[in-house]
Amino acid sequence: MDELKKLIREVPDYPKPGILFYDLTTLLQDKKGFHTLIENLCSKFIGKHIDVVAGIEARGFIFAPALAYRLGAGFVPVRKPNKLPWKTEQVTYQLEYGTDKLEIHQDAVKRGERVLVCDDLLATGGTAAAAVKLIRGLGGEVAGAAFAVELCFLKGREKLNGTEVFSLIRYDK
């Protein structure tokens with residue numbers, strides 16, 4: 001995955017001083033890189049009977065539909081509050097400085113369906129853990145969580161205890 005890592009632009013001091021931002025848009029615009037990324041993310045879950053891929057707003061919406069298509073599954077958006085037009089379930093989760101919320105349609109996941117959670121990046125794990133909680137609350141079985149990038153030094157994987165986590169590109173700091 002070193003070839004994919006080379007396609008990611010590193011932006012220092014964004015969004016604030018001291019932060020190194022990993023900009024995936026440069027990887028996405030490379031047709032071979034994007035194809036390789038999706039194929040490799042899917043490879044871990046092919047044959048594991050995934051019914052639905054749940055993409056977390058906003059950048060998870062880039063990867064999750066591509067994975068769903070390749071895996072022969074449906075796609076479900078997990079969104080910030082007041083973005084979904086139907087009845088929703090909501091969860092509040094902790095951020096570094098405050099709280100945030102995620103929502104999913106109440107009928108987005110049927111009891112017993114196998115759901116793959118997908119986002120662009122696993123950092124501290126709070127958002128992904130909230131999505132897992134929503135899916136389990138609807139009766140879905142979380143078959144795993146897939147991320148293009150993982151910032152391992154932030155230990156987000158620990159918040160997904162009991163969930164199979166797969167990340168393609170890893171930064172150990």
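We did not get these values from a lab; they are worked out from the coordinates using the rules stated. This one's a predicted model, so the numbers in the text were calculated from it and none came from an experiment. Reconstructed Cβ throughout: ideal geometry from the backbone, glycine too, with neighbour counts over all protein chains shown.
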ask   = Where in the stretch 64-169 are there chymotrypsin sites (Phe, Trp or Tyr not before Pro) that are in a DSSP coil and have at most 15 other Cβ atoms within 10 angstrom of their Cβ?
value = W86, Y97
request  = Please build a GNM for the chain, connecting alpha carbons under 10 Å apart, and tell me which residue among G74, G18, G162 fluctuates the most.
outcome  = G18
ask   = With point charges of +1 on the Cβ of Lys and Arg and -1 on the Cβ of Asp and Glu, referenced to the Cα centre of the stretch 22-158, which listed residue (T127, I50, P77) lies farthest in the positive direction of the dipole?
value = I50
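Within the stretch 83-121, list the trypsin sites (Lys or Arg not before Pro) lying in a DSSP loop whose Cβ has at most 16 other Cβ atoms in a 10 Å radius.
Those that pass, being in a loop and sparsely packed, are K83, K87, K110, R111.
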ask   = Which lysines have a Cα lying under 20 Å from the Cα of K133, excluding residues fewer than 8 positions away in the same chain?
value = K80, K83, K87, K101, K110, K155, K159
key: Diffusion constant of the stretch 70-118 at 25 °C, which comes from Stokes-Einstein with the Kirkwood Cα-pair radius and 0.890 mPa s, µm²/s   = 198
query = Roughly how many debye, to the nearest 20, is the charge dipole of the chain about its Cα centre, given +1 on each Lys and Arg Cβ, -1 on each Asp and Glu Cβ, and no other charges?
reply = 220
message = Helix-only estimate, please: 222 nm mean residue ellipticity of the chain, summing -39500 (n - 2.57) across DSSP H runs of length 4 or more and dividing by its residues, to the nearest 500.
response = -7500 deg cm²/dmol
key: Proportion of all alpha-carbon pairs of the stretch 48-171 beyond 20 Å (%)   = 35
task = Please build a GNM for the chain, connecting alpha carbons under 10 Å apart, and tell me which residue among V76, V91, V53 fluctuates the most.
result = V91
inquiry  = Suppose R0 equals 35 Å. What FRET efficiency, 1/(1 + (r/R0)^6) with r the Cβ-Cβ distance, do S43 and E96 give to the nearest 0.05?
reply    = 0.60
query = What are the lysines whose alpha-carbon lies under 17 Å from the alpha-carbon of K32, with same-chain residues fewer than 8 places away excluded?
reply = K5, K6
message = Can you tell me which aspartates and glutamates have their Cα less than 19 Å from the Cα of K16? Leave out same-chain residues fewer than eight positions away.
response = E96
note = Low-density loop GluC sites (Glu not before Pro), the stretch 96-141, at most 14 other Cβ within 10 Å, DSSP non-H/G/I/E/B, are E96
